[in-house]
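Chemist: One structure follows; several queries about it will come next.
The values are calculated or read from the model by the stated rules, or taken from the named source; none is laboratory data. Note that the structure is predicted; figures quoted are calculated from it, not measured. Heads up, the Cβs are rebuilt from the backbone with ideal geometry, glycines too, and the neighbour counts pull from every protein chain shown.
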Amino acid sequence: MEVYELFIEEDSEFSGVEAISIVEEPAIEEDFIALKAHKVEMAEVNAEKRILMGPALIPNKKIYRRNGDNEEYYIFFSESTVKKASELFLSRGNQNNSTLEHEYQLKGMSVVESWIVEDEKQDKSALYNLNMPKGTWMVSVKVNNEEVWEEFVKTGKVKGFSIEGYFSDNAGGPKEQVEETLCKDCLEELQAEYALLEAVAALEEVELESYGGYPESASNNAKLGIKRNKELGNKCATQVGKVRAQQLARKEKFTVPTLKRIYSYLRRAEEYYDPAKPEACGTISYLLWGGKSMKNWVESKLKGLDEIDG
């Protein structure tokens, strides 16, 4: 399979890591650890710190991908790109941006430590047997969200970190959206997504304002995508895309962060859409996210909210 290097566009404010997600299956195949307080001198306190430590990006590690046309390949990040990504993440103030399985915006989670491994044996991560290679971007995340800690971390439903962001490839292709769709288990039946939606419904409660009212055609596009994907054995799209289609079919409302993700995806996936190829995965995936009518509506909505230039 082909191997592509991803890198950050220096002149783009969108290129880089936007958020860190806690996931069940980390694409980089490394789990985080949940730290507990150690006894210090005479102290006998052993209360939970509720801090998760683990790698966000490992340099030169090949990561499996499958694109909208069902083509398989690998991506990797150089040591310099990993370092640049970590710096931009902090300088842009993204420390509090976190999600669950790249799908649900979370509150009460913050990156409290961020560093690059410089010495594999002397690094702090080695004390916890993580043994990361030189150049790895490590993070410690404080979890002040009671439900996330009790329902997902302590139960082992989430095991590691995965980044969210946009990068360019070394072949001059379109920007690559990196999220937990890097895993190989992206072809599950839609029933699996329903369980996830129910489990985290309470987490999306609403201090964040949600918006609906998108065109009927966007919802119909999602339904058509679901129908065509089902006819092909649900082989197209990722878990996130399948869930998104169900939300659109039910005409659910979306928060601004989710609208931004929808717009970013549709803007980049548009080139893979070909109505002359109704069974192509690129076409089906684009429909699952609402297609052209959803892209136009989201763009207009975000401009009205002053969330994007225009």
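Chemist: Any idea how many residues of the stretch 274-300 are over 27 Å from Gln105 (Cβ atoms) and not in a helix (DSSP H, G or I)?
Modeler: 7
Chemist: Within the bounds of the stretch 200-207, is there any residue that is at pLDDT below 75, among the acidic types (Asp, Glu) and not in a helix (DSSP H, G or I)?
Modeler: Step one: of the stretch 200-207, the residues at pLDDT below 75 are 200-207.
From the residues that got through so far, the ones that are among the acidic types (Asp, Glu) too are 204-205, 207.
With not in a helix (DSSP H, G or I) added as a condition, the list becomes 205, 207.
Yes, the stretch 200-207 has at least one match.
Chemist: State yes or no: is Ser219 modelled with pLDDT of 90 or more and either in the same structural domain as Glu18 (by TED's automatic domain parsing) or surrounded by fewer than 18 Cβ atoms within 10 Å (Cβ to Cβ) (or both)?
Modeler: So Ser219 does not fit the description; no.
Chemist: May I ask you to list the residues in the stretch 114-135 that are within 19 Å of the chain's Cα centre (by Cα) and not in a strand (DSSP E or B)?
Modeler: none
Chemist: Oh, and also: Can you tell me which of Lys253, Lys277, Lys301 is more than 13 Å from Ser219 (Cα to Cα), in contact (Cβ under 8 Å) with a residue 12 or more places away in the chain and among the basic types (Lys, Arg)?
Modeler: Result: Lys301 is the single residue among Lys253, Lys277, Lys301 that is more than 13 Å from Ser219 (Cα to Cα), in contact (Cβ under 8 Å) with a residue 12 or more places away in the chain and among the basic types (Lys, Arg).
Chemist: Let me ask something else. Is there any pair linking a residue in the stretch 143-155 that is closer than 14 Å to Ser98 by Cα to one that is assigned to a helix (DSSP H, G or I), with Cβ under 8 Å and at least six apart or on different chains, and which?
Modeler: Listed pairs, sorted by first residue: Val143/Trp149; Val143/Val153; Asn145/Leu203; Val148/Leu203.
Chemist: Another question about this same structure. Can we say Glu101 is closer than 30 Å to Thr283 by Cα, in contact with a strand residue (DSSP E or B) (Cβ under 7 Å, 6 or more places away or on another chain), acidic (Asp, Glu) and at pLDDT below 85?
Modeler: Taking the combined requirement at face value, the residue satisfies it.
Chemist: Among the candidates Asn229, Asn234, which residue alone is outside any helix (DSSP H, G or I) and polar (S, T, N, Q)?
Modeler: Checking each option against the conditions leaves just Asn234.
Chemist: Is the stretch 39-55 home to any residue that is modelled with pLDDT of 90 or more, under 24 Å from Gly241 (Cβ atoms) and either in a strand (DSSP E or B) or not β-branched (Val, Ile, Thr) (or both)?
Modeler: So far as the stretch 39-55 goes, no, none of its residues is modelled with pLDDT of 90 or more, under 24 Å from Gly241 (Cβ atoms) and either in a strand (DSSP E or B) or not β-branched (Val, Ile, Thr) (or both).
Chemist: If you don't mind, another one. Any idea which of Ala245, Ala195 is closer than 30 Å to Gly108 by Cβ, assigned to a helix (DSSP H, G or I), at pLDDT 90 or above and not assigned by TED's automatic domain parsing to the domain that holds His102?
Modeler: Just a single option satisfies the conditions, and that option is Ala245.
Chemist: For Phe167, are the conditions met, namely being touching a residue at least 60 places away in the same chain (Cβ under 8 Å), closer than 19 Å to Val23 by Cα and not acidic (Asp, Glu)?
Modeler: Judged against the criteria, Phe167 is not a match.
Residues checked against (1) over 30 Å from Glu9 (Cβ atoms); (2) touching a strand residue (DSSP E or B) at 6+ places or on another chain (Cβ under 6 Å); (3) modelled with pLDDT of 90 or more; (4) surrounded by fewer than 18 Cβ atoms within 10 Å (Cβ to Cβ):
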{"site": "Met132", "(1), (2), (3), (4)": "no, yes, yes, no"}
{"site": "Trp149", "(1), (2), (3), (4)": "yes, yes, no, no"}
{"site": "Ser162", "(1), (2), (3), (4)": "no, yes, no, no"}
{"site": "Phe167", "(1), (2), (3), (4)": "no, yes, no, no"}
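Chemist: Taking the criterion of being within 29 Å of Glu25 (Cα to Cα), surrounded by fewer than 15 Cβ atoms within 10 Å (Cβ to Cβ) and either of a type in the set (D, E, K, R) or outside the structural domain of Phe167 (by TED's automatic domain parsing) (or both), would at least one residue in the stretch 298-307 satisfy it?
Modeler: Scanning the stretch 298-307 turns up no residue that is within 29 Å of Glu25 (Cα to Cα), surrounded by fewer than 15 Cβ atoms within 10 Å (Cβ to Cβ) and either of a type in the set (D, E, K, R) or outside the structural domain of Phe167 (by TED's automatic domain parsing) (or both).
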